[in-house]
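Asker: Quick one: the structure is below, and I'll ask about it shortly.
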Amino acid sequence: MDSRGPRSCGDTGRDTPDLQGSPLLDMAVADVLRPVTKAVTTTLTTATAAARHMVRRGSGVLLVMAGGRETIPDLGGSHITWSALTGVCRQLAAELSPQGVRVSWLLSPGSPAPGEENRADKSALLAERPTYDDVANAAVFAASSWARTMTATELNLTGGLVPD
């Protein structure tokens, strides 16, 4: 934890925010599980609602921001959340792909805000993080017919930070 203490992430003002900045050993289980429950619930609710329409049409693509293969300390429940979302995607792909609905997820280390310096983590193989346009272009590709044979697939935009 840095000198600022735990950081709040995803504060909607309506409920307790997700916390980052403390080791798991110092966190209450409820604080660790809060982002997992919220993300899995919202992703599964949205994905299954959309998938019902796609299955009826016999085609479609579900895209999710997920991941969870990196090793970064003090992320609270965030890293566990990303791994859980990857599991949701794999399960959806197994059930939906035979019905013509593809499922992919994007792994990104985050994008610089417009005007912010674009510098990747020093352990990345490439010097820059993906921009919003880079992430959008990867999503457009994944949803296009050019990716028609891709399902149960992670699109890795980490610049080598997380090698495959």
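The values are calculated or read from the model by the stated rules, or taken from the named source; none is laboratory data. All values reported here derive from a predicted model rather than from experimental measurement. Cβ: placed from backbone, ideal geometry, glycine included. Neighbour counts: every protein chain shown. We work out accessible area using only protein heavy atoms, side chains counted, and drop any ligands, DNA or RNA first. Shrake-Rupley method; radii C 1.70, N 1.55, O 1.52, S 1.80 Å.
Asker: Can you tell me what share of the DSSP beta bridges in the chain is antiparallel? A percent to the nearest 5 is fine. Present the calculation step by step, with values, prior to reporting the outcome.
Answerer: On the way: 3 of 13 bridges.
If I count the DSSP bridges inside the chain, around 25 percent turn out antiparallel.
Asker: Still on this structure: Taking a ≥ b ≥ c as the square roots of the Cα gyration tensor eigenvalues, with a/c under 1.5 meaning rounded and otherwise prolate when a/b beats b/c, else oblate, which class fits region 106-162? Present the calculation step by step, with values, prior to reporting the outcome.
Answerer: On the way: a/c = 3.40, a/b = 1.71, b/c = 1.99.
Cα axes put region 106-162 in the oblate bin.
Asker: Still on this structure, please answer the following. Beta carbons within 10 angstrom, averaged per residue: use that to sort the peptides 100-110, 50-60, highest first.
Answerer: Final packing ranking: 100-110, 50-60.
Asker: Now, a different point. Give the relative contact order (percent, whole number) for region 102-164; include only Cα pairs under 8 Å separated by 6+ residues.
Answerer: With pairs under 8 Å counted, the relative contact order is 50 percent.
Asker: Let me ask something additional. Using helices alone, what [θ] at 222 nm do you get for the chain, with -39,500 (n - 2.57) per DSSP H run of 4 or more residues, divided over all residues and rounded to the nearest 500? List each step's numbers first, then the result.
Answerer: Details: 3 runs with 60 residues, N = 164.
Computed ellipticity for the chain at 222 nm equals -12500 deg cm²/dmol.
Asker: Let me ask something else. How much of the accessible area of region 83-147, in percent, comes from carbon and sulfur atoms when a 1.4 Å probe is used?
Answerer: Working: 2080 of 3720 Å².
Reported share for carbon and sulfur atoms: 56 percent.
Asker: Sticking with the crude label model, points 7 Å out along Cα→Cβ, report the distance from residue 49 to residue 37 in nm, one decimal please.
Answerer: About 2.0 nm, to one decimal.
Asker: Tell me the label only: which of (1) 50, 45, 41; (2) 53, 37, 27; (3) 64, 62, 41 is Cα extents along the principal axes in Å as calculated from this structure?
Answerer: Computed from the coordinates, Cα extents along the principal axes in Å corresponds to (2).
Asker: Follow-up question, since we're still on this one. So, for the chain, what is the accessible surface per residue at a probe of 1.4 Å, expressed in square angstrom? Spell out each step's value before the answer.
Answerer: Values: 9690 Å² over 164 residues.
Normalised by residue count, the accessible surface of the chain is 59 Å².
Asker: Also: Take each of the peptides 148-154, 18-24, average the number of other beta-carbon atoms within 10 Å over its residues, and list them starting from the highest. Display every interim value, and only then the final one.
Answerer: Numbers: 148-154: 15.3, 18-24: 18.7.
Order by mean packing, descending: 18-24, 148-154.
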